[in-house]
Amino acid sequence: MTNFARAFSIISLTIALGGCASLGPGNLIRDRFDYSKAISDSWKTQLLMNLVNLRYADPPVFLDVASVISQYQLDSVANLALTFAMTNAQSAGGALTYSDRPTITYNLLSGDKFARSLMKPIPPASIMSLIEAGWPAELVLRLTVHSINGIQNRYAGALRGQAGDPRFYQVIEALGRIQRSGAVGIRVQSKNEGDGAALMVFARKTSESVEADRRLIRETLGLNPKAAEFSLSFGVVPRNDREIAILSRSMLDILAELSGNIEVPEVYVAEKRTFPTREEDVFEGRKVQPLMRILSGRKKPADAFVMVRNRAYWYWIDDRDFISKRVFGIIMFLFTLTEKPEKEGIPIVTIPTR
């Protein structure tokens, strides 16, 4: 190939690359899933970091990814110089540059509306909707409820930690068995104001084992032995024997409960940086498994579902701990239901990345 032909080929290739079809469609699939995974991973890490911070009495801070704007640019430059003189010189050159400039905007979740939504107890109707959707009753009630008809759940928070009443475990395990048998239904009725009312309905024809669980629930909660439908309300004490009073937790209560179960380093407990991890409750001769097990250690974990570094230690959830991962997923889902602050007046951080 002559020098002229080679030069012409270089220029043609440069122009062709510079005149390709739009870069956007070609990057859509890659970018959509890459950003989706990155945002998901960042939310998981942020949630775990806030759980750890709460354990050391640091206030939680949340940043929401408001927008991701990615700009692509492809520039090409070609030049050709031919000199037909004594030297018969020929020269060709080309340049191709590609740039990707994503810009990410964050919103600081703060303000009165967001704070109140964190401290607002979860409505009983929403709790029952989770159970009706298939989430295990034992798991949902242990996570979201302080008490049922005055019977106390365990609480691992710093200020008022307490062991759970054995009757609470009896009730939620019985309800879980009834749920798996399909002999209980939840009906949520909307109201003009408020969050709606829920009704728990027992099937009329069931097996003997389910009947035994129904009797246990009625007797333990002081319910009418002949009634098949019970209304659910927010509170400590029911108004009558056809009502179940649920004192539910707020999102802040749930975060405090889970942070209280973190297996913190003993040296930090000895130095009074945090409080000791409370012993698990014992029910029917066995220890009740914690809702979420968050481990700690100086070495970076090799197989973690999510991990963060705080002070001199790593904190993580083991990827083989399915129960802890499932609870973590419920918490992330509940956060999506939390009321976000209005856009006006919110600190916004926009970061161009290179």
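At a glance:
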| read-out | value |
| --- | --- |
| Residues (in a loop (DSSP other than H, G, I, E, B), out of contact with any Asp or Glu (no Cβ under 9 Å at 6 or more places or on another chain) and in contact (Cβ under 8 Å) with a residue 40 or more places away in the chain) located in the range 196-241 | GLY196, VAL236, VAL237, PRO238 |
| Residue in the range 262-282 that is under 24 Å from the mean Cα position of the chain (by Cα) and either hydrophobic (A, V, I, L, M, F, W, C) or closer than 27 Å to SER117 by Cα (or both) present | yes |
| Some residue of the range 62-74 being closer than 30 Å to ARG278 by Cα and at pLDDT 55 or above | yes |
| Criterion violated by SER324 - all others in (1) within 23 Å of the chain's Cα centre (by Cα); (2) of a type in the set (Ser, Thr, Tyr); (3) under 17 Å from ARG55 (Cα atoms) satisfied | (3) |
| Residue under evaluation SER231, criteria (1) touching a Leu at 6+ places or on another chain (Cβ under 6 Å); (2) surrounded by fewer than 16 Cβ atoms within 10 Å (Cβ to Cβ); (3) of a type in the set (S, T, N, Q), criterion not met | (2) |
| Top-ranked residue of the range 136-157 - restricted to ones that are in contact with a helix residue (DSSP H, G or I) (Cβ under 7 Å, 6 or more places away or on another chain) and part of a loop (DSSP other than H, G, I, E, B), ranked as surrounded by the fewest Cβ atoms within 10 Å (Cβ to Cβ) | PRO136 |
| Residue ID - modelled with the highest pLDDT, chosen from residues in the range 191-209 that are farther than 20 Å from PRO238 by Cα, small (Gly, Ala, Ser) and out of contact with any strand residue (DSSP E or B) (no Cβ under 8 Å at 6 or more places or on another chain) | SER209 |
| Top-ranked residue of the range 18-61 - restricted to ones that are of a type in the set (Phe, Trp, Tyr) and surrounded by 12 or more Cβ atoms within 10 Å (Cβ to Cβ), ranked as modelled with the highest pLDDT | TYR56 |
| Members of the range 272-323 that are within 26 Å of LYS37 (Cβ to Cβ), acidic (Asp, Glu) and touching a residue at least 24 places away in the same chain (Cβ under 8 Å) | ASP318, ASP321 |
| Filter result for the condition that a residue is within 19 Å of the chain's Cα centre (by Cα), at pLDDT below 95 and either over 16 Å from SER259 (Cα atoms) or loosely packed, with under 12 Cβ neighbours inside 10 Å (or both), over LEU291, LEU334 | LEU334 |
| Test result for SER259, polar (S, T, N, Q), in contact with a helix residue (DSSP H, G or I) (Cβ under 7 Å, 6 or more places away or on another chain) and closer than 26 Å to GLY222 by Cα | no |
| The range 279-296, residues that are in a strand (DSSP E or B), under 12 Å from ILE317 (Cβ atoms) and not aliphatic (A, V, I, L, M) | SER296 |
| All positions within the range 105-122 that are outside any helix (DSSP H, G or I) and either within 15 Å of ARG249 (Cα to Cα) or in contact with an Asp or Glu (Cβ under 6 Å, 6 or more places away or on another chain) (or both) | ASN107, LEU109, LYS120, PRO121, ILE122 |
| Filtered residue count, the range 138-168, keeping only those that are free of Cβ contacts under 8 Å to residues at least 40 places away in the same chain and touching a Pro at 6+ places or on another chain (Cβ under 9 Å) | 0 |
| Residue match in the range 172-187 (condition: at pLDDT below 75, surrounded by fewer than 17 Cβ atoms within 10 Å (Cβ to Cβ) and either in contact with a His (Cβ under 9 Å, 6 or more places away or on another chain) or in a loop (DSSP other than H, G, I, E, B) (or both)) | no |
| Of all residues in the range 294-305 being more than 22 Å from GLY161 (Cβ to Cβ) and in contact with an Asp or Glu (Cβ under 8 Å, 6 or more places away or on another chain), the one that is surrounded by the fewest Cβ atoms within 10 Å (Cβ to Cβ) | ASP303 |
| Restricting the range 210-242 to residues that are in contact with a strand residue (DSSP E or B) (Cβ under 6 Å, 6 or more places away or on another chain) and among the hydroxyl-bearing types (Ser, Thr, Tyr), the residue that is farthest from ARG177 (Cα to Cα) | SER233 |
| Index of the failed condition, LEU118 passing every other in (1) more than 24 Å from VAL61 (Cα to Cα); (2) at pLDDT 65 or above; (3) in contact with a helix residue (DSSP H, G or I) (Cβ under 6 Å, 6 or more places away or on another chain) | (1) |
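The values are calculated or read from the model by the stated rules, or taken from the named source; none is laboratory data. In this text the structure is predicted, and so the values were computed from the model without any measurement. Reconstructed Cβ throughout: ideal geometry from the backbone, glycine too, with neighbour counts over all protein chains shown.
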